[in-house]
Amino acid sequence: MRAFQRSVLLAAAVLTLAACGTGSDVDEAARGNGENTIALSEFPDRPYWGDTHLHTDNSIDAFGFGVRLGPEAALQFASGQEVTSSTGVKAKLDRPLDFLVISDHSDGLGTTRRLYDAPRIAVLAMGDDTVLRWYDMMHESPEQSQRAIGELIAAAANDDLPPALLSSPEEQAENTRSIWTAHLDMLDRYNKPGRFTALAGFEYTLMPDGNNLHRVVMFRDGKNATGQVLPYPGLNTKVEGLWDYMDSYEQATGGQALAIPHNSNLSNGLMFQLTMPDGGAMTAEYARRRAAREPVVEITQIKGDSETHPFLSPNDEFAEFGVKGWELGNLPLTRRTTNDMLAGNYVREALKRGISLEEKLGVNPYMFGVVGSTDSHTALATADEDNFFGKHTGNEPAVRDRALHGQNLGTNVGRFGWHYLAGGYAAAWARGNTRAEIFDAFKRREVYATTGPRIVLRVFAGYDFTDKDWDGDWVRSGYTRGVPMGGVLADDGRAPTFLISALKDPEGANLDRVQVVKGWVDAKGQLQERVYDVAWSDRKGRRAVDGKLAPVGDTVDRRTATYENSIGAATLKTAWTDPDYTVAQKAFYYVRVLEIPTPRWTLFDAVRFGIKLPPEAMADAVAQERAYSSPIWVKRVGSAADEA
């Protein structure tokens, strides 16, 4: 009987593979990493926009939530084509993305789709009442299917998945091989060097006790390399195993891979620990491997913003963005978050911890850049507030009161639809649009995050920059006399100066201000931070009072979900020198750019569908979207951490 079950459950995967073809008609230039396929600029010439975190119907949870769009529809949508969402709504980006990483969960790849497609008699023969009940719920209605997947995720978080759902390693490998091979062929078909880049990747879903330690793994290479491996499972593994897998992949294929941690805000303090995962003292080797394998983290996405928290940054008046709902507990909300956990949850504190650990170990484990992405489970990579297609199919626009629904995984308390952000985008400064160029920008941390708007942000650090540089070829000056975002500036005993240029999204809102966030360890070993306003609109009319710059104002009409660009500035730039520089002090600096207030997706929904938001949601329906640069570190030349 077990052989019969296997054959039935494998049938869908085999048919899928057959339908996708072998990719033999793909141009040779599209198959590899893109090297030597297009002319490259001398320096990175523009930010390339993308999403490195998107799920399709191959993800075990996304299919159960109701998505029926696969990787091909995801690639079509990201590259600017119109598709029809799983709930029948026409969907299209007004501006295509430049690159995409489809990051379906490696665990149980395609499992729920195979279960759904199997005859009920085959599921009945498994002899597991829970699996049969989930199967029936998936077929009963979209709402029941979403409840079934909520239970499944909670079971996975508690290491309590039904044995019948867990195929043998050999069976799972066979299933995964079929889907992975078809997927890689699909990527090559849509990979167009110079126009659109389709990168291979998957999500590693480590989740001890429901605490989120997920990573997206991203490859630099084409199928000739990525086809030699399978996505590495996350459940019941350790992150060191993932790094071993990446080491082995690179040694065997000559390719490259990196990992991007995400949703540290749901880790209950485990993502950025001061110790080893087992609680022991962190070793230099662990710190070195982490820094090498994880050069970038995802700072913002649909499930909240992970920059900082008001408890950690009480003097930062903009620290509350994207925190509501998500600070309550871990991913399935099975364990509450306490204040002592917050330092391990947020990126700014991790950057400070990294400097502190570097002084002890000689290596900074948290020397990373930042990106935004969506984590959409609809196969639709959109982070636009006026084009929000939901976290998953259960809260696509077809569900008109989605902002009011309980949305927590596994339970129905604590989090609601309006807590979801629209998502984020990753911007990569590259010399051209190919797999190699985009990946290399991530590897050297010359990337940044936005919460959706396509703000153009460029940052260099050096010692002799002045405002006169804006009159010449300041980009060349930045690269030849300084370092770009993500770089390390050798401390030469002088205060560093930062060339910062921010341009508004050409189709979006004006800019309120540019801020520099500095973190350091003081002489007493205490972690410190400070936020500086360094450029802002209406400079003559807005003054600082008690250390706080006057607000930019608010033009949002809550009745119509509209705003006016009558305040703010289209561009902001400055050559800013740290007024509090201390010789030999290790520090990091990153830039935060704030737009003027604009409507969130919840206000668009309220107006479009005639919904009355509760007071708390209404107060949160207008926000200041933002961009975060990757940090620049200033430290002594020749320190061991320079090699990290």
**Q.** Test: residue 86 is in contact with an Asp or Glu (Cβ under 8 Å, 6 or more places away or on another chain) and either open to solvent by 20 Å² or more (accessible area, probe 1.4 Å) or farther than 29 Å from residue 441 by Cα (or both)
**A.** yes
Residue 112 meets each of (1) in contact (Cβ under 8 Å) with a residue 60 or more places away in the chain; (2) closer than 29 Å to residue 177 by Cβ; (3) polar (S, T, N, Q) with one exception, condition (1)
The residue that is most open to solvent (accessible area, probe 1.4 Å), considering only those in region 540-574 that are more than 24 Å from residue 475 (Cβ to Cβ) and among the hydrophobic types (A, V, I, L, M, F, W, C), is 545
Only one of 582, 602, 577 is within 22 Å of the chain's Cα centre (by Cα) and either open to solvent by 30 Å² or more (accessible area, probe 1.4 Å) or closer than 25 Å to residue 565 by Cβ (or both), namely 602
Residue 587: passes all of (1) within 18 Å of residue 497 (Cα to Cα); (2) more than 26 Å from the chain's Cα centre (by Cα) but (2)
Residue 512 - would you say it is surrounded by fewer than 21 Cβ atoms within 10 Å (Cβ to Cβ) and either closer than 18 Å to residue 574 by Cβ or touching a residue at least 40 places away in the same chain (Cβ under 8 Å) (or both)? no
Residue count, region 275-294, condition open to solvent by 20 Å² or more (accessible area, probe 1.4 Å), part of a loop (DSSP other than H, G, I, E, B) and at negative phi, comes to 5
Exactly one of 311, 272 is aromatic (Phe, Trp, Tyr), open to solvent by less than 20 Å² (accessible area, probe 1.4 Å) and part of a loop (DSSP other than H, G, I, E, B), and that residue is 272
* Does region 198-216 include one or more residues that are in contact with a Phe, Trp or Tyr (Cβ under 7 Å, 6 or more places away or on another chain) and among the charged types (D, E, K, R)? -> yes
For region 560-580 the number of residues that are under 30 Å from residue 607 (Cα atoms), assigned to a strand (DSSP E or B) and in contact with a Pro (Cβ under 9 Å, 6 or more places away or on another chain) is 1
Quick count over region 21-71, residues being open to solvent by 10 Å² or more (accessible area, probe 1.4 Å), assigned by the TED database to the domain that holds residue 193 and among the β-branched types (Val, Ile, Thr), is 1
All-but-one check, residue 437 against (1) in the same structural domain as residue 265 (by the TED database); (2) open to solvent by less than 10 Å² (accessible area, probe 1.4 Å); (3) more than 30 Å from residue 304 (Cβ to Cβ), failing number (2)
Residue hits (region 602-635; at negative phi and in a loop (DSSP other than H, G, I, E, B)) are 611, 612, 613, 614, 620, 621, 624, 625, 630, 631
Check: Residues in region 405-420: is at least one of a type outside the set (A, V, I, L, M, F, W, C), farther than 30 Å from residue 612 by Cα and more than 20 Å from the chain's Cα centre (by Cα)?
Finding: no
Residue hits (region 529-539; touching a residue at least 12 places away in the same chain (Cβ under 8 Å) and open to solvent by 60 Å² or more (accessible area, probe 1.4 Å)) are 530, 538
Only one of (1) touching an Asp or Glu at 6+ places or on another chain (Cβ under 9 Å); (2) free of Cβ contacts under 8 Å to residues at least 60 places away in the same chain does not apply to residue 97, and that is (2)
Check your understanding: Do we find a residue being surrounded by fewer than 18 Cβ atoms within 10 Å (Cβ to Cβ), more than 26 Å from residue 389 (Cα to Cα) and touching a helix residue (DSSP H, G or I) at 6+ places or on another chain (Cβ under 8 Å) anywhere in region 90-101?
Key -> no
Looking across region 154-173 at residues that are assigned to a helix (DSSP H, G or I) and among the hydrophobic types (A, V, I, L, M, F, W, C), the single one that is surrounded by the fewest Cβ atoms within 10 Å (Cβ to Cβ) is 173
> For region 453-465, does any single residue satisfy the condition of being open to solvent by 50 Å² or more (accessible area, probe 1.4 Å) and not assigned by the TED database to the domain that holds residue 372?
Replying inline: yes
Just one listed residue, out of 422, 403, is within 28 Å of residue 202 (Cβ to Cβ) and crowded, with 24+ Cβ neighbours inside 10 Å, and it is 422
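Yes/no per residue for (1) touching a strand residue (DSSP E or B) at 6+ places or on another chain (Cβ under 9 Å); (2) at pLDDT below 50; (3) part of a helix (DSSP H, G or I):
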position: 8; (1), (2), (3): no, yes, yes
position: 17; (1), (2), (3): no, yes, yes
position: 36; (1), (2), (3): no, no, no
position: 43; (1), (2), (3): yes, no, no
Here the qualifying pairs (Cβ atoms under 6 Å; residues six or more apart or on different chains; first in region 606-619 and open to solvent by less than 50 Å² (accessible area, probe 1.4 Å); second charged (D, E, K, R) and modelled with pLDDT under 95) come out as 609/400; 611/401
When (1) over 24 Å from residue 283 (Cβ atoms); (2) open to solvent by less than 10 Å² (accessible area, probe 1.4 Å); (3) β-branched (Val, Ile, Thr) are applied to residue 355, the one that fails is (1)
Here the residues within region 323-352 that are open to solvent by 30 Å² or more (accessible area, probe 1.4 Å) and of a type in the set (Val, Ile, Thr) are 334, 338
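The values are calculated or read from the model by the stated rules, or taken from the named source; none is laboratory data. Source: prediction; values computed, not measured. Glycine also receives a Cβ, built like all others from the backbone with ideal geometry; neighbour counts cover every protein chain displayed. Areas reflect the complete protein model, heavy atoms only, side chains present, ligands, DNA and RNA absent. Shrake-Rupley method; radii C 1.70, N 1.55, O 1.52, S 1.80 Å.
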